[in-house]
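What follows is a structure written as structure tokens; I'll ask about it next.
The values are calculated or read from the model by the stated rules, or taken from the named source; none is laboratory data. What you see is a predicted model, and the numbers here were worked out from it, not measured in a lab. Methodologically, a virtual Cβ is constructed for each residue, glycine included, from the backbone with ideal geometry; neighbour enumeration extends over all protein chains shown. For the accessible areas, the whole protein counts, side chains as well, though only heavy atoms, and no ligand, DNA or RNA atoms are used. Shrake-Rupley method; radii C 1.70, N 1.55, O 1.52, S 1.80 Å.
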Amino acid sequence: MEASFCCNMLMRFLYIISLFHLMHSSPSRQLCHENERSALLQFKESFIINKSVSFYDPIANHRVESWTLEGEKSDCCSWDGVDCDEDTGHVIGLNLTNNCLYDSINSNSTLFHLVHLQSLNLAYNNFNYSQIPSEVGNLLKLTYLNLSSSMFSGQIPFEISKLSQLSSLDLCCNYDYDLPSGKYLLQFKELGLTSLVRNLTRIEYLDLSGVNIFSTVPNIFANFSTLRSLYLHDCGMHGEFPKGIFKLPNLLVLDIKYNEVLTGSWPDFQNWSSPLEDMTLAGTSFSGELPASMGNLGLLITLDIYVELQHLRAHSLFTRNWNALKLDDEDHLTYIQAEISYRVGSFNAFYWYSYSMKITNKGLDMVYYKVQQSFRAIDMSSNKFVGEIPESIGDLKGLHMLNISNNILT
């Protein structure tokens, strides 16, 4: 009887364990929702697939064309360019960059039915001068939005400022190449730059290059402690550039070139360990003497300050601590290369290549069979520097380009 009791208790224990496992085990991946699949297909059908409007990409051209309801491909979570949440099956990512899409995006587009989207990339298509629909503001879960180089035009809608979860926003380079002199197409009018960025408290990457802003750079940027890359080149910015932006704790890239009437002066980098790697101020109206404390920018890789600065002295302290421009280990250099794989019928195609480059200078050809991934450069030309060229520049053996022409240096 005791043995029977023990056996009975064991069976109950095993049953409870199996039930617990059933309740708490990870469910199988959910299929996409029918309404979202329908929204994607209608979005696809609203465009002409025109390969002549896209940059060359051996993979991208096939993404939308492969969306179908036939066979095993009826699950939209398996479609190229579509990313779904494994637990809920909702579409959370859409990457249609360089996908040969041609036509306008209207306010009633089914794209805006995908309210669970966290990432949306429509770069390098041709949306035929259409405006960015205000309905993009309904995609409140977006953390990544890229609408660059896609022939959007007109005013940037105020509703983008509602996307407070954004960590990356790229509206760069919507440019009309069909005009003889070219023209940037996007602009701020009703929406000021301050209004746009006020709610973007999580922003890490912001690229508004080529947007017709024509305003001052808001001081609020100096409060964005999460900002890592800021691109505002060729935006018609004016007024004085806030010094506090230089000292943002995580800022790696600052590009404000070609804002001709943007003024500013250099902050003191004394006792400041800046993470800046790339600083580009060419074509601005910065003035004043470069502080010797710029030598504290030890991680600097690219510096472009091609501006008409007056009476500057080239401090030898500048380059002494620029360790990122020094070549410490030639055996561990990394080079640009590509690995591409794609499916052709029942076969997987794969190829690998390194980038090479040929430069012709005064009739002499120089071939570089490998190109390093990081290009280290300093451009201080046409700045009216006076004094001697610092000997410490010779320590920058990792430097690829140095331009100090049109100065008064010995």
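What's the extension gain from Lys189 to Val386 if we count 0.36 nm per residue and subtract their Cα-Cα distance?
Result for the pair: 66.6 nm of gain on full extension.
Still on this structure, please answer the following. Could you calculate the contour length gain from Leu69 to Asn50, that is, 0.36 nm times the residue separation minus the distance between their Cα atoms, to one decimal place in nm?
Using 0.36 nm per residue and subtracting the Cα-Cα distance, I get 4.6 nm.
Still on this structure: On full extension of the chain, what length is gained from Glu159 through Ala292, given 0.36 nm per residue of separation minus the C-alpha to C-alpha distance? Don't skip to the end; give the middle numbers.
Working: separation 133, 0.36 × 133 = 47.88 nm, distance 4.42 nm.
Gain on extension, Glu159 to Ala292, equals 43.5 nm.
Further, regarding this structure: To check you understand DSSP bridge types, tell me what percent of the beta bridges within the stretch 92-223 (both residues inside) are antiparallel, rounded to 5.
Close to 10 percent.
Run through the stretch 111-219 and list the GluC sites (Glu not before Pro) located in a DSSP loop whose Cβ has at most 10 other Cβ atoms within 10 Å.
Counting only loop positions with at most 10 other Cβ atoms within 10 Å, the GluC sites (Glu not before Pro) in the stretch 111-219 are Glu190.
DSSP loop (so not H, G, I, E, B), at most 12 other Cβ within 10 Å: list which trypsin sites (Lys or Arg not before Pro) in the stretch 157-257 pass both filters.
Within the stretch 157-257, the qualifying trypsin sites (Lys or Arg not before Pro) (loop, at most 12 other Cβ atoms within 10 Å) are Lys189.
Please give the per residue accessible area of the stretch 166-258, computed with a probe of 1.4 Å over protein heavy atoms only, in Å².
Numbers: 3980 Å² over 93 residues.
Value for the stretch 166-258: 43 Å² per residue.
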